[in-house]
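Worksheet: one structure, shown below.
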Amino acid sequence: MSGLNKGVGRVEVTLKWDPAPSGAPAHDLDIVAGVFDAADTHGTPVQLVHFGSRSPDGTITLHRDSRTGQGFGYDEAMTLELDRLAPRYTRVVVGVAIQQGGGRRSFGDVANTGVRIREGYTDLLVHDFADVPDALSATVVEFTREGADGWTYRPISHGFDADPQAFGTVLGSIRL
């Protein structure tokens, strides 16, 4: 009875990192989500959600943004209501990009980075970017719609030498 499988519905992506040392430019990391439709699942995102934006239908919202990493625990948070996305959307890729305003900075330059994907109280994925230390941005997870069976997820850690602007154009390109 696969028609009763709900799959992944509503998830929260949270991001943490330590602030820059005193006197150094701030570390600013950002969660980015790209939404793809069935016609082009690995090309240009139909929607790109990041700081200062949300999806037009309100299904993906960044509701906590940090520019410094100061705080306790996870400093930035995005909610994805996958079960509310229109049927034409079949893939969502989530990643993290580092702002480069203070000079070139990779994940290896930022202490205690971490991202957590949760559905309710269940951790679906926890990642620390240790596998992409030289990257300026990286994908973290891919959600795909499997017809009537709903959404599934899989980790896709892939680093890019791309600043936040360029990251939006390559975010969905990885085919594993």
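The values are calculated or read from the model by the stated rules, or taken from the named source; none is laboratory data. As the structure is a computational prediction, the values presented were derived from the model and not from experiment. No Cβ is skipped: glycine too gets one built from the backbone with ideal geometry, and neighbour counts run over all protein chains shown. Areas reflect the complete protein model, heavy atoms only, side chains present, ligands, DNA and RNA absent. Shrake-Rupley method; radii C 1.70, N 1.55, O 1.52, S 1.80 Å.
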Given a 1.4 angstrom probe, what's the average accessible area per residue across the chain, in square angstrom?
48 Å²
Using the Cα centre of segment 1-155 as origin and beta-carbon charges of +1 (Lys, Arg) and -1 (Asp, Glu), tell me which of Thr139, Pro19, Gly34 is placed farthest towards the positive end of the dipole.
Gly34
Rounded to the nearest 500, what is the chain's calculated 222 nm mean residue ellipticity when only DSSP H runs of at least 4 contribute -39500 (n - 2.57) each, over all residues?
-1000 deg cm²/dmol
Positive-end residue, the chain charge dipole about Cα centroid, Cβ charges, pick of Ala111, Pro56, Phe160:
Pro56
Rounded Å value of the spacing that divides the Cα centres of segment 20-73 and segment 131-161
14 Å
Taking all protein chains in place and a 1.4 Å probe, what share, in percent, of the accessible surface of segment 17-176 do carbon and sulfur account for?
50 percent
Only four residue types carry charge here, +1 at the Cβ of Lys and Arg and -1 at the Cβ of Asp and Glu. Report the dipole size of the chain about the Cα centre in Debye, rounded to the nearest 20.
280 debye
Please list Thr152, Thr59, Thr44 from largest to smallest accessible area, probe radius 1.4 Å, with all protein chains kept in place.
Thr44, Thr152, Thr59
Assign one of three labels to the chain, namely rounded, prolate or oblate, based on the Cα gyration tensor with a ≥ b ≥ c the square roots of its eigenvalues; rounded applies when a/c is under 1.5, prolate when it is not and a/b is larger than b/c, and oblate otherwise.
prolate
Ratio Rg/Rh, restricted to segment 50-144 and using Cα atoms, in which Rh is the Kirkwood radius
0.96
